[in-house]
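Asker: This is the structure I have questions about; it appears just below.
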C-alpha cells in the first residue's frame, strides 16, 4: 500500500475538530440575532470575505436560501455530488437538494429558522468540510406536499442536517 493510501486509511478513522475559540457561537439565535454577535474572524481559505467564520457561513447561506428564498445559492455553495442526511431521508446530488428545498418552501413558505448549533470540521484531505447544523423551524403549512394536504396550521419542528461537500 502506498504511503498516501496508508495515511488516508489511517485518517478515515479519526475525528477532526474545529477550534471553537475561532468561531462565533450560535447560541439559539435567529439569523438577525446571530449577525449582531459575530465579532470573531477565522481564516477561511477559499471563502468570500463575506463570512467571518465557518459557523457564519452556514448561518448566512441557510438564512439566504430559506428565508430570502435564494435557491441559486445552493448552486454556488454546495458540491454537485453533495451527500446530505436530513431527517428521515438521505439526499445525494445538488439537484435533489434543490428539489427538496423547493418542495419544502412550497409547503411552508413562511419558514423561519432558529439556529441551535453548528458542528463542523475540515475533511482530512483539506478539500472541503463536514458540517451538521441543528435548527428549530417555525412555519405555516400552506401548500400540499409529500406530508399531505395543506393544513393551514402553524408548526414548530427541529431538524438536523448532516452535510459533506
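The values are calculated or read from the model by the stated rules, or taken from the named source; none is laboratory data. Please read these numbers as outputs of a predicted model, since none were measured by experiment. Here the Cβ is made from the backbone with ideal geometry for all residues, glycine too, and neighbour counts use every protein chain on show.
Asker: I need the helices (runs of 4 or more DSSP H) fully contained in the stretch 22-104, keeping only those with at least 1 residues that are touching a strand residue (DSSP E or B) at 6+ places or on another chain (Cβ under 9 Å), over 17 Å from residue 132 (Cα atoms) and modelled with pLDDT under 90.
Answerer: Numbers: elements: 31-36, 54-66, 72-77.
By residue number, 31-36.
Asker: Would it be correct to say that residue 117 is exposed (fewer than 13 other Cβ atoms within 10 Å of the Cβ), touching a strand residue (DSSP E or B) at 6+ places or on another chain (Cβ under 8 Å), at pLDDT 80 or above and within 18 Å of residue 160 (Cα to Cα)?
Answerer: Working: exposed (fewer than 13 other Cβ atoms within 10 Å of the Cβ): no; touching a strand residue (DSSP E or B) at 6+ places or on another chain (Cβ under 8 Å): yes; at pLDDT 80 or above: yes; within 18 Å of residue 160 (Cα to Cα): yes.
Judged against the criteria, residue 117 is not a match.
Asker: Is it fair to say residue 15 is part of a loop (DSSP other than H, G, I, E, B), at pLDDT below 75 and closer than 25 Å to residue 109 by Cα?
Answerer: Working: part of a loop (DSSP other than H, G, I, E, B): yes; at pLDDT below 75: yes; closer than 25 Å to residue 109 by Cα: no.
No, not satisfied.
Asker: Let me ask something else. Looking at (1) touching a helix residue (DSSP H, G or I) at 6+ places or on another chain (Cβ under 8 Å); (2) modelled with pLDDT of 90 or more; (3) outside any loop (DSSP other than H, G, I, E, B), which is the one condition that is false for residue 150?
Answerer: (3)
Asker: For residue 99, which of the numbered conditions (1) under 14 Å from the mean Cα position of the chain (by Cα); (2) surrounded by fewer than 18 Cβ atoms within 10 Å (Cβ to Cβ) fails to hold?
Answerer: (1)
Asker: While we're here: Which count do you get for residues in the stretch 41-65 that are out of contact with any helix residue (DSSP H, G or I) (no Cβ under 7 Å at 6 or more places or on another chain) and surrounded by 15 or more Cβ atoms within 10 Å (Cβ to Cβ)?
Answerer: Narrowing the stretch 41-65 to residues out of contact with any helix residue (DSSP H, G or I) (no Cβ under 7 Å at 6 or more places or on another chain): 41, 43, 45-46, 48-50, 52, 54-58, 60, 62.
Filter again for surrounded by 15 or more Cβ atoms within 10 Å (Cβ to Cβ), leaving 52, 54-58, 60, 62.
Here the count works out to 8.
Asker: If you check residue 107 against the conditions, is it at pLDDT 90 or above and surrounded by 14 or more Cβ atoms within 10 Å (Cβ to Cβ)?
Answerer: Numbers: at pLDDT 90 or above: yes; surrounded by 14 or more Cβ atoms within 10 Å (Cβ to Cβ): yes.
Yes; evaluated as a whole, the condition is true for this residue.
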